[in-house]
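Q: Would you mind keeping the following structure in view while I ask a few things?
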Amino acid sequence: MTKTPYVAGAALLQAAMLLSACGAAPDEAAPASQRPTATPSRAAPVVPVGGPRRVILAFGDSLYAGYGLQRGQSLPDAIQARLRGQGIDATVINAGVSGDTTADGRRRLAYTLDRLKTKPDLVMLGLGGNDVLRQLDPAETRANMAAMLDELDRRKVPVLLTGMMAPPNLGPDFAGRFNTIWPDLARRHHAALDPFILAGVLGNRRLMLTDGVHPNAAGVTRIADRVAPLVAKQLSALPPG
């Protein structure tokens, strides 16, 4: 990630910190039991493809949920469409919940996994944006992310981490403690890593919604172009189904 879009987006993120959550939506105050847990992606009609059937759980916040986008335009939708376009028989289950912090994710991960009809072949784990918007202690973010990775390790589910970074206006101490979470945990848990989910998108007004925090459909396309090959690579390393 170069510093240019990162610095350009810092002011936008700083303004967004006035919000209590990333992608605050009217139903976010609902108890976790009433929130959507996991819904199949609907980006493209199912077409005959080859190879083993693969199930991917996209577990994250509004950047996965598709905040501000039309149905079928979320990142999980876009990744599913790319995988199927490559002949990979993959279904991406969207378990993104707008407003979730890493603590929220930690509380609902096991419940979400237990409700799936089949064990996922891969989990995309993307949380942390709301932690930085709320300026939560990076030690808490690290502990929550580590706990979720421990749970996935226990279930023997491979992971692709999509990371988050703190804007420079929060200072070097906060940024240093926050930004190292994802690479450190990826190494420790042998997880694949995309260091910053908004790389190449944040700060580009043509690729972001007017809130300056969430990607628009074109931004999602840009992110999916980078992330989908990482997902495909992880799937190719799995034993035959």
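FYI, it's all coordinate maths here, none of it is from the lab. Every value quoted in this text rests on a predicted model; they were computed, and no experiment measured them. All Cβ positions, glycine included, derive from the backbone under ideal geometry; neighbour counts span all protein chains shown.
Q: Quick one: count up the residues across segment 109-133 that are in contact (Cβ under 8 Å) with a residue 12 or more places away in the chain, surrounded by fewer than 18 Cβ atoms within 10 Å (Cβ to Cβ) and assigned to a loop (DSSP other than H, G, I, E, B).
A: Total satisfying the criteria: 3.
Q: Another question, if that's okay. Name every residue in segment 215-227 that is part of a helix (DSSP H, G or I), touching a residue at least 24 places away in the same chain (Cβ under 8 Å) and farther than 16 Å from residue 196 by Cβ, in order of residue number.
A: Residues satisfying the conditions are 217, 221.
Q: Which one of 97, 92 is in contact with a strand residue (DSSP E or B) (Cβ under 7 Å, 6 or more places away or on another chain) and farther than 15 Å from residue 155 by Cα?
A: 92
Q: Considering each of 161, 136 in turn, give the residue that is out of contact with any Gly (no Cβ under 9 Å at 6 or more places or on another chain), outside any helix (DSSP H, G or I) and under 19 Å from residue 97 (Cα atoms).
A: Result of the check over 161, 136: 136.
Q: Right, another one. In contact with a strand residue (DSSP E or B) (Cβ under 9 Å, 6 or more places away or on another chain), over 11 Å from residue 220 (Cα atoms) and surrounded by fewer than 24 Cβ atoms within 10 Å (Cβ to Cβ): which single residue out of 84, 71 fits that description?
A: When all the criteria are applied, what remains is 84.
Q: Continuing with this model, one more query. List pairs: first in segment 83-108 and free of Cβ contacts under 8 Å to residues at least 40 places away in the same chain, second assigned to a helix (DSSP H, G or I), Cβ under 6 Å, 6+ apart or cross-chain?
A: Sorted first by the residue in segment 83-108, then by its partner, the pairs are 96/64; 96/65.
Q: Quick test for you: out of 196, 174, 178, pick the one residue that is surrounded by fewer than 23 Cβ atoms within 10 Å (Cβ to Cβ), aromatic (Phe, Trp, Tyr), under 17 Å from the mean Cα position of the chain (by Cα) and closer than 22 Å to residue 99 by Cβ.
A: None of the other options fit; the residue is 196.
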